[in-house]
Amino acid sequence: QVQLVESGGGSVQPGGSLRLFCAVSGVTVESSHIGWFRQAPGKDHEAVACIGPGAGWAGYAESVKDRFAIRRDDAENTVFLQMNNLEPEDTAVYYCARTTSRGDRCFLVKADNEPWGQGTQVTVSP
């Protein structure tokens, strides 16, 4: 059974930082394609970033490029999302999930038959 559990959310002021964690079980993160997604109030799920098995490769949405960084911790079998320079527009529930892929490349699309977890709330406000 594959399970991904998000944590690390919180409330910060604009310009602040948070680190989100995705604890993975059932598969190894070093052999998986995993992404972070978010859903703001009244909006659809939006892909934020993804990471594949290839060394150092990651993909980002334009809205978070240069502010967010996705990384794997293979020893802990987790994926984290470092979020810097947070903006009110980043407010959302953040989810991690496996993504579509070709080879080592991940795409910013949730894989089929991949359920959403509980997510973790990120709130950015003055």
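Which one is nearest to ILE34 (Cα to Cα), of the residues in region 64-100 that are open to solvent by 60 Å² or more (accessible area, probe 1.4 Å) and over 14 Å from the mean Cα position of the chain (by Cα)?
ASP74
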Task: Search result, residues across region 107-126 that are assigned to a strand (DSSP E or B) and open to solvent by less than 30 Å² (accessible area, probe 1.4 Å) - done: THR120, VAL122, VAL124
Task: Flag if ALA69 is among the aliphatic types (A, V, I, L, M) and in contact with a Lys or Arg (Cβ under 6 Å, 6 or more places away or on another chain) - done: no
Open item on the list: Restricting to region 42-60, count the residues that are more than 22 Å from SER31 (Cβ to Cβ) and within 11 Å of the chain's Cα centre (by Cα).
Closed with: 1
- [ ] Of the conditions (1) surrounded by fewer than 16 Cβ atoms within 10 Å (Cβ to Cβ); (2) more than 11 Å from the chain's Cα centre (by Cα), ARG19 clears all except one; give me its number.
- [x] (2)
Open item on the list: For the structure I just gave you, tell me whether ALA61 is open to solvent by 10 Å² or more (accessible area, probe 1.4 Å) and without any contact (Cβ under 8 Å) to a residue 40 or more places away in the chain.
Closed with: no
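The values are calculated or read from the model by the stated rules, or taken from the named source; none is laboratory data. Worth saying up front: this structure is predicted, and the values here are computed from it rather than measured. In this analysis, Cβ positions are derived from the backbone assuming ideal geometry, glycine residues included, and neighbour counts consider all displayed protein chains. Please note that ligands, DNA and RNA were not included when accessible areas were found on the heavy atoms of the full protein model with its side chains. Shrake-Rupley method; radii C 1.70, N 1.55, O 1.52, S 1.80 Å.
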